[in-house]
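Trainee: First the structure, then my questions, so here it is.
The values are calculated or read from the model by the stated rules, or taken from the named source; none is laboratory data. Nothing here was measured: the structure is a model prediction, and the numbers come from that model. So basically every Cβ, Gly included, is an ideal-geometry build from the backbone, and we count neighbours across all protein chains shown.
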Amino acid sequence: MQLQQNISLKPFNTFGIDESAEYFVELEHAAMLEEIANDAALPKQVHALGGGSNILLSKAVSGLVVHNKLKGIVIEKEDSEHVWLRVEAGEIWHELVMYAISNGWAGIENLALIPGTVGAAPIQNIGAYGVEAKETIESVTGWHWEERAFIDYTNADCNFGYRDSIFKGRLKDKIFISSVIFKLNKKPTFHTAYGPIQHELERMNIAELSIKAIADAVIAIRSSKLPDPKKIGNAGSFFKNPAISTEHFEMLQTNYPGIPCYPFSETMVKVPAGWLIEQCGWKGYRKGDTGVHEKQALVIVNYGKASGEEIWALSGEIVESVKERFGISLEREVQVW
Ligand code: EPU
């Protein structure tokens, strides 16, 4: 095991923030997790790092950062309708999507181009364009630091919600996700109801609908709106879309007739945080090296040398202004370290 000390995490987070890790190790094999747990010299505080695409480093990270490099995809089983894939958690999410599409396996094509690793998919229950990861996750396997064992969690055990799961709640920091089983469909059900997809497919002049065509449409939409972290530091949506009561929504509608919403439950609707933030005048805002993306107000960006603290401060100003104007408390989607 190659243990490194006081290394910069800048290359390991898509925000491109330059904070250091006290200890750092690349996890090449799942068995190393047990070695780490048994090594009395290592700190007990362990942080699991995947693609680093949903974290904000607000300070130097104390303890041990374990960078997930576990790779491999195997077919666990299949029948005439489905295939069950066990995917190691360090695989790149978008590569899995492309691999599934090339084999004609449906279910995750709407989630093309989401940055990050497979291990992060269940933590966040990643979602886009009308589909969430929970719809295809059969089970999750993770190393439990206290139990000192690998434990399997069924889909029901994971308590999936909107950008939420048990791994962000009760099991936060207790589990290192090592692999995920996905149940994909050999006979696709197409999800094109989400507004921009249909529009994009028409624009692309697709002769016959396919999972490949859907992924291409999603890739085109995402590339046009979301900044490429290789060019501008960011962590995708910085905030969750807030759910508010229908009464609150109707009240807002009287002053803002154009306010968009998504159905959420019988008594609540979800309002796009990007819209709320844009209304407060933040879209395209820049202060020093921090800013709000000019094409999607839900994304906070680092133009170069912004610190985690500066980004946090900007997000706080945004939260306050949305609260003042709409009476809505925005919740951060990114994980703050
Ligand atoms: N909008 C604005 N101004 C903006 C941004 C959005 O008015 O600056 C409005 C749009 O016009 C539209 C609505 O808000 O009416 C929704 O916008 P969009 O379709 O871009 O999606 P979103 O609600 O902002 C969510 C997810 C994204 C996901 C897209 C597509 C969350 C927090 N974000 O964004 O996920 O890709 O839907 O399904 O749920 C991520 O989680 O990192 C992420 C990018």
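Trainee: Of all residues in segment 255-287, which are more than 11 Å from the ligand (Cβ to nearest atom), in contact with a strand residue (DSSP E or B) (Cβ under 9 Å, 6 or more places away or on another chain) and part of a loop (DSSP other than H, G, I, E, B)?
Mentor: Result: F264, S265, T267, Y285.
Trainee: Right, something else. Taking into account only those residues within segment 206-220 that are within 14 Å of the ligand (Cβ to nearest atom), buried (at least 20 other Cβ atoms within 10 Å of the Cβ) and in contact (Cβ under 8 Å) with a residue 40 or more places away in the chain, which is nearest to H94 (Cα to Cα)?
Mentor: A215
Trainee: Enumerate the strands (runs of 3 or more DSSP E) found wholly within segment 47-152, keeping only those where 2 or more residues are among the acidic types (D, E) and within 16 Å of L184 (Cβ to Cβ).
Mentor: 73-78
Trainee: Condition (residue is among the polar types (S, T, N, Q), in the same structural domain as A313 (by TED's automatic domain parsing) and in contact (Cβ under 8 Å) with a residue 60 or more places away in the chain) applied to segment 288-296: is it met by at least one residue?
Mentor: We begin by selecting, within segment 288-296, every residue among the polar types (S, T, N, Q); these are 290, 296.
Remaining after also requiring in the same structural domain as A313 (by TED's automatic domain parsing): 290, 296.
Add one more test, that the residue is in contact (Cβ under 8 Å) with a residue 60 or more places away in the chain, and what stays is 296.
Taking every residue of segment 288-296 in turn, at least one turns out to be among the polar types (S, T, N, Q), in the same structural domain as A313 (by TED's automatic domain parsing) and in contact (Cβ under 8 Å) with a residue 60 or more places away in the chain.
Trainee: Something else about it: Taking the criterion of being of a type in the set (K, R) and touching a residue at least 60 places away in the same chain (Cβ under 8 Å), would at least one residue in segment 66-83 satisfy it?
Mentor: No; the residues of segment 66-83 include none that is of a type in the set (K, R) and touching a residue at least 60 places away in the same chain (Cβ under 8 Å).
To keep it simple, each residue is scored yes or no on (1) among the acidic types (D, E); (2) surrounded by fewer than 20 Cβ atoms within 10 Å (Cβ to Cβ); (3) free of Cβ contacts under 8 Å to residues at least 40 places away in the same chain.
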residue	(1), (2), (3)
G258	no, yes, yes
V269	no, no, yes
I311	no, no, no
G327	no, yes, no
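Trainee: Report the residue count in segment 182-199 for those that are within 21 Å of the chain's Cα centre (by Cα) and assigned to a strand (DSSP E or B).
Mentor: Here the count works out to 3.
Trainee: A further question on this structure: Of everything in segment 102-115, what is crowded, with 22+ Cβ neighbours inside 10 Å and either within 12 Å of the ligand (Cβ to nearest atom) or β-branched (V, I, T) (or both)? Give them in sequence order.
Mentor: I108, N110, L111, A112, I114, P115
Trainee: Taking into account only those residues within segment 293-307 that are in contact with a helix residue (DSSP H, G or I) (Cβ under 7 Å, 6 or more places away or on another chain) and outside any loop (DSSP other than H, G, I, E, B), which is farthest from V322 (Cα to Cα)?
Mentor: First, pick out the residues of segment 293-307 that are in contact with a helix residue (DSSP H, G or I) (Cβ under 7 Å, 6 or more places away or on another chain): 295-298, 300, 302.
Now narrow it down to the ones that are outside any loop (DSSP other than H, G, I, E, B): 300, 302.
Values: I300: 15, N302: 21 Å.
That would be N302.
Trainee: Scan segment 144-152 and give yes if some residue there is aliphatic (A, V, I, L, M), away from the ligand (no atom under 14 Å from the Cβ) and in contact with a strand residue (DSSP E or B) (Cβ under 6 Å, 6 or more places away or on another chain), otherwise no.
Mentor: yes
Trainee: Would it be correct to say that S80 is under 30 Å from E22 (Cα atoms) and either of a type outside the set (V, I, T) or not assigned by TED's automatic domain parsing to the domain that holds F24 (or both)?
Mentor: No: the conditions fail for S80.
Trainee: Something else: Can you tell me how many residues in segment 153-181 are within 16 Å of the ligand (Cβ to nearest atom), assigned to a strand (DSSP E or B) and either touching a residue at least 60 places away in the same chain (Cβ under 8 Å) or among the charged types (D, E, K, R) (or both)?
Mentor: Number satisfying all stated conditions: 1.
Trainee: Among (1) within 30 Å of I300 (Cβ to Cβ); (2) surrounded by fewer than 19 Cβ atoms within 10 Å (Cβ to Cβ); (3) at pLDDT 95 or above, there is one condition S224 misses while meeting the rest; what is its number?
Mentor: (3)
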